[in-house]
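Here is the structure we will look at.
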Amino acid sequence: MGSGELPGHTMKNITCIEDLRTLARRRVPRAFFDYADSGSYNEETLRANRADLQAIKLRQRVLVDVSHRDLGTTIVGQKAAAPLILAPVGLTGMQHGNGEILAAQAADEAGIPFTLSTMSICSIEDVAEATGKPFWFQLYVIRDRDFSKDILERAQAAKCNTLVLTVDLQVLGQRHRDIKNGMTVPPEIRIKNIIDIATKPAWALSVLMGKRKTFGNLAGHVKGMGNINQLAQWTNQQFDPALNWKDVEWIKKLWPGKLVLKGILDVEDAKTAVKLGADAIVVSNHGGRQLDGAPSSIAALPKVADAVGSDVEVLFDGGIRTGADIMRALALGARACMIGRAYIYGLGAGGKAGVAKAIDILQKELSVTMALTGTNRIADVDRHVLVDGR
Ligand SMILES: Cc1cc2nc3c(=O)[nH]c(=O)nc-3n(C[C@H](O)[C@H](O)[C@H](O)COP(=O)(O)O)c2cc1C
């Protein structure tokens, strides 16, 4: 058993994503657990993501032969074992040493795409070296456009086939808990943090033994950036408030593979994304971490899907914690769902096995939800599976 992994009996008692969250809270230092768990400002949008999903009721159907259920689908033309994608999550390698590699391997084994964040700990090259199949790469366009060009070349060289361009982070939404916890990479040396880390030896060992302890994609690649310890300081300096649709055209010219625009909540923006030739969009409010007071992702989804769903693949994220949630999003027009925290909790709870567990839980729950709504195929899911969706 490698460091940070779970004994068999603990794994058996984990029955839902919330169990993984509880365990992650115990095993991951507070600054990093809170970093993943929290949302911006009052966390209104964070809460709305969950509350609005839970308010959607599924239509129970009986006596339909559901013995041949199939979760398989295609996402941007690629086969996937389920309508599920691991979302880009910054600092994944601080939830567990080599976190990005472990999550990519778990996704690979489950037959679903993994997306590597620009703000990852393991680099593009680290993940490529440790995985067999092409993965997706997520780009933040920063002020230094040469860096963006360079990192796209690196992603191509690493055989990434899909680029996820995140468009909802021109400035950073504040997360109060990050400031209070002194959340930096590596962790700020405060007595409180040292005591906390001392009580999480499996985490400390895994991170210590991990390939990297800082931003793997940036270290050594960003001009004038010798020391990038202060995350907030760096992001405030480097994220670009001047970013606009022209930059999307520029990226589109540079990137030969599939292009996914992530962070769209508005119909007008969705239409512009289609006009510029995006292969897919992700209806997303960044997991409630950016514009607090924005609608939940699930509230925005049907409007966007109705407007552009026949022109572009509509993906979804924000608040997915159960298979029933995936069903709700598919019913309202999503082709597939990205999950962020659901797998991050798994990683913090039990490394690669924890991520695999999170994926397995969601797949099994989705399969049962399909059965009890009388559904055999993902392609058959539409608003008819909802109580008031007829
Ligand atoms: C800890 C954390 C870090 C994130 N970092 C990134 C990132 O680097 N790039 C990005 O496009 N989205 C990032 N996101 C947003 C996720 O990709 C995704 O939109 C969100 O997590 C979905 O909501 P969920 O966590 O409720 O599933 C991050 C989310 C979390 C929770």
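The values are calculated or read from the model by the stated rules, or taken from the named source; none is laboratory data. Computed from a prediction, not measured in an experiment: that's the story for all the values here. Cβ: placed from backbone, ideal geometry, glycine included. Neighbour counts: every protein chain shown. Side chains are part of the model used for accessible areas, which takes the heavy atoms of the whole protein and leaves out ligands, DNA and RNA. Shrake-Rupley method; radii C 1.70, N 1.55, O 1.52, S 1.80 Å.
If you count only protein heavy atoms with a 1.4 Å probe, what accessible area per residue comes out for the chain, rounded to a whole Å²? Intermediate results must be reported in sequence, preceding the final value.
On the way: 16330 Å² over 390 residues.
Solvent-accessible surface per residue comes out at 42 Å².
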Radius of gyration and Dmax over the Cα atoms of the stretch 1-99, both given in Å: 18.0, 50
Solvent-accessible surface (1.4 angstrom probe) belonging to K352, in square angstrom, nearest 10: 60
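Taking the Kirkwood radius as the inverse of the mean 1/r across Cα pairs, report the Rg/Rh of the stretch 1-58.
Details: Rg = 14.9 Å, Rh = 13.8 Å.
A ratio of 1.08.
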Range of Cα positions in the chain per principal axis (Å), largest first: 61, 53, 41
Residues with amide H under 5 Å from that of A82, placed H, sequence gap 5 or more: T73
Highest-fluctuation residue, I281, I339, I142 considered, GNM on the chain with Cα pairs under 10 Å: I142
Qualifying lysines (Cα of each under 30 Å from Cα of K246; at least 8 residues distant if same chain): K149, K159, K223, K258, K262, K271, K275, K303
Probe 1.4 Å, all protein chains present, accessible-area order of H9, H384, largest first: H9, H384
Whole-Hz couplings from phi, Karplus 6.51/-1.76/1.60, listed for the stretch 61-77; x for Gly and Pro: 10, 10, 6, 10, 5, 10, 7, 10, 6, 9, 8, x, 7, 10, 10, 6, x
Net charge, G173 excluded, C-beta distance under 12 Å - Lys, Arg +1, Asp, Glu -1: -3
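For the stretch 251-390, report the % of Cα-Cα distances exceeding 19 Å. Can you show the working numbers first?
Numbers: 5328 of 9730 pairs.
The answer is 55 percent, as a whole percent.
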All lysines inside 23 Å of K200 as judged from Cα atoms, apart from same-chain residues fewer than 8 positions distant: K12, K180, K192, K211, K213, K352, K357
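Can you give the direction-averaged projected area of the convex hull of the alpha-carbon atoms in the stretch 272-325, in nm²? Kindly include the intermediate steps, with their values, before the conclusion.
On the way: hull surface 17.1 nm².
Reported value for the Cα convex hull: 4.3 nm².
Is the stretch 235-316 rounded, prolate or oblate when judged by the Cα gyration tensor, a ≥ b ≥ c being the square roots of its eigenvalues, rounded requiring a/c under 1.5 and prolate requiring a/b larger than b/c? The partial results should precede the final answer.
Values: a/c = 2.03, a/b = 1.06, b/c = 1.92.
The shape class here is oblate.
Quick check: at a probe of 1.4 Å, how many percent of the accessible area of the chain sits on carbon and sulfur atoms?
Values: 8670 of 16330 Å².
About 53 percent, which is the carbon plus sulfur part of the accessible surface.
Roughly how many debye, to the nearest 20, is the charge dipole of the chain about its Cα centre, given +1 on each Lys and Arg Cβ, -1 on each Asp and Glu Cβ, and no other charges? Please list the in-between numbers first.
On the way: 48 positive and 42 negative charges, 127 e Å.
Once rounded to the nearest 20, the dipole reads 620 debye.
Given the DSSP H assignment, sum -39500 (n - 2.57) over each helix run of at least 4 residues in the chain and divide by its residue total; what's the result at 222 nm in deg cm²/dmol, nearest 500?
Values: 16 runs with 170 residues, N = 390.
-13000 deg cm²/dmol, from helical runs alone.
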